[in-house]
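Presented below is the structure to which this report refers.
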Amino acid sequence: MVEAVTNWAGNVTFGARRVLRPESVDELRRLVAAGTRLRVLGSGHSFNPIADTDGDLISLDALPPVVAIDHERATVTVSGGVRYGKLALRLHESGYALPNLASLPHISVAGAVATATHGSGVDNRGLASAVSALSLVRASGDVEVVARGGETFEGSVVSLGALGVVADLTLDLVPAFDVAQVVYDDLPGDVLAANVDEILASAYSVSLFTDWSGAPEAAPPRVNQVWRKFRVTDGVTAPRRWFGAVRADGPRHPLAGMPARNCTEQDGVPGPWYARLPHFRLEFTPSAGDELQSEYFVARADAVAALSAVGAVRDAVAQALQISEIRTVAADEAWLSPAYRRDCVALHFTWVGDEARVRPAIDALEAALSPLRARPHWGKLFHRDPRGDYPRLADAAELARTVDPDGVFRNTFIDSFL
């Protein structure tokens with residue numbers, strides 16, 4: 001067993017025999033062909049054993065960091081170990097952008113795509129939707145390119161690592177753009193319930209942060225902070241008062257008492273897309289997080305019902321909660337995406353770093369959201385079996401059996417669902 005190899009949060013200690021770090025695609029192919037049980041270790045920002053294995057872990061960090069821009073097609077091809085922060089800087093220098101980014105820019109592109117990680121915005125799809133092709137190293141060591149339009153493409157992009165090792169991905173690009181970010185304090189819960197669609201669609205990207213306090217049981221919560229991110233060219237104004245909330249008088253961190261200097265610039269100051277769409281600055285590099293996370297996706301049409309459902313178990317949730325974020329994700333076609341053919345509201349929960357306290361909170365939360373067919377984020381903590389809530393999961397399982405009949409890329413987590 002590899003000693004002291006854990007995920008970012010420290011709640012998963014990997015049971016791998018060793019960690020392999022190939023320095024070229026050829027070496028990666030040889031290692032995969034010689035392996036009998038393999039999983040890929042990304043940036044370690046998953047909170048469950050999705051990357052664990054009793055075989056070998058493969059880290060792609062030592063691969064040459066390829067970032068190859070195709071100006072004619074407006075695409076970029078990146079190697080499997082590249083992280084969003086470094087990719088974004090390179091793209092911006094060349095006049096390009098990605099449509100969206102996750103709240104933390106330090107995660108790997110391949111890992112984020114494989115687990116359907118996302119940003120926010122009613123018209124913005126998850127990060128995997130930017131992928132137009134990917135090169136997968138199969139269990140044989142052969143490289144297969146899977147491209148958009150192919151029969152298995154939508155089953156291969158969000159793959160949970162079950163189909164092979166991603167050697168590189170090609171992403172669609174858009175012209176670089178500037179964003180201004182404005183934060184509001186104290187949005188009343190009844191106002192949110194009455195205007196939820198308008199509030200969530202009020203900017204290019206919107207995030208609501210709440211601790212689920214200050215409202216009756218089974219009622220939408222008071223929102224501590226609303227983070228509104230505008231494309232500068234949209235010409236949107238940000239008045240001092242907005243839906244009963246008040247524009248912040250200084251920079252904010254989602255967690256009270258935490259230093260706002262770690263967060264991207266606010267107060268309406270325009271800046272490049274990569275320095276505003278994430279919540280946290282690229283130069284702020286978290287080494288470990290004393291937290292656990294869960295996230296559930298419900299249909300956007302059920303937003304108020306979902307808020308009320310969580311409100312009904314707010315006491316159970318609050319006993320283990322640091323902060324909760326509410327945001328939107330547009331529908332996509334990836335088989336294992338939580339937003340598969342369904343515009344979603346995503347309910348994110350940042351818990352304390354104590355699994356014993358978190359476990360009953362998750363159980364109560366999942367029971368409350370179950371009638372709404374809530375789909376969990378694959379890279380975060382969940383207890384309820386989600387198989388009935390993912391319409392194409394059986395197809396994804398069949399694809400995994402077809403391309404990896406010997407189960408080289410499987411582990412206990414994958415066996416549970418695929």
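A compact table of results
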read-out	value
Karplus (6.51, -1.76, 1.60) ³J(HN,Hα), θ = phi - 60°, over the stretch 378-384, in Hz, Gly and Pro reported as x	5, x, 10, 6, 8, 10, 6
Of Phe280, Phe14, Phe243, the one that fluctuates the most in a GNM where the chain has Cα springs shorter than 10 Å	Phe243
Cα centroid of the stretch 161-220 to Cα centroid of the stretch 337-388, whole Å	17 Å
Value of Rg/Rh across the stretch 67-176 [Cα atoms, Kirkwood radius]	0.94
Normalised alpha carbon radius of gyration of the stretch 333-386 [divisor 2.2 N^0.38 Å]	1.20
Estimated D of the stretch 76-125 in µm² per second, where Rh is the Kirkwood radius over Cα pairs and Stokes-Einstein applies at 4 °C, 1.567 mPa s	114 µm²/s
Nearest-0.05 FRET efficiency for Asp249 and Glu151, computed from C-beta distance (R0 41 Å)	0.15
Shape metrics for the stretch 1-116, restricted to C-alpha atoms - Rg then Dmax, Å	15.4, 48
Vicinal HN-Hα couplings computed from phi for the stretch 306-313 (Karplus, 6.51 cos²θ - 1.76 cosθ + 1.60; Hz; Gly/Pro x)	5, 4, 5, 5, 5, x, 5, 10
Distant-in-sequence amide H partners of Trp351 (H built 1.01 Å from N, under 5 Å)	Leu292, Gln293, Ser294, Gln322
Quotient of Cα Rg and 2.2 N^0.38 Å for the stretch 178-388, N being how many residues it contains	0.99
Dimensionless Rg ratio for the chain, taking C-alpha atoms and the 2.2 N^0.38 Å reference	0.95
Candidates Ala34, Ala102, Ala394, ranked by Gaussian network fluctuation over the chain, Cα under 10 Å, top entry	Ala34
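Every read-out reported here was derived from the displayed coordinates using simple, explicitly stated rules and does not represent laboratory data. Keep in mind the model is a prediction, meaning the values are calculated, not measured. Every residue, glycine as well, gets a Cβ built from its backbone with ideal geometry; the counts of neighbours run over all protein chains shown.
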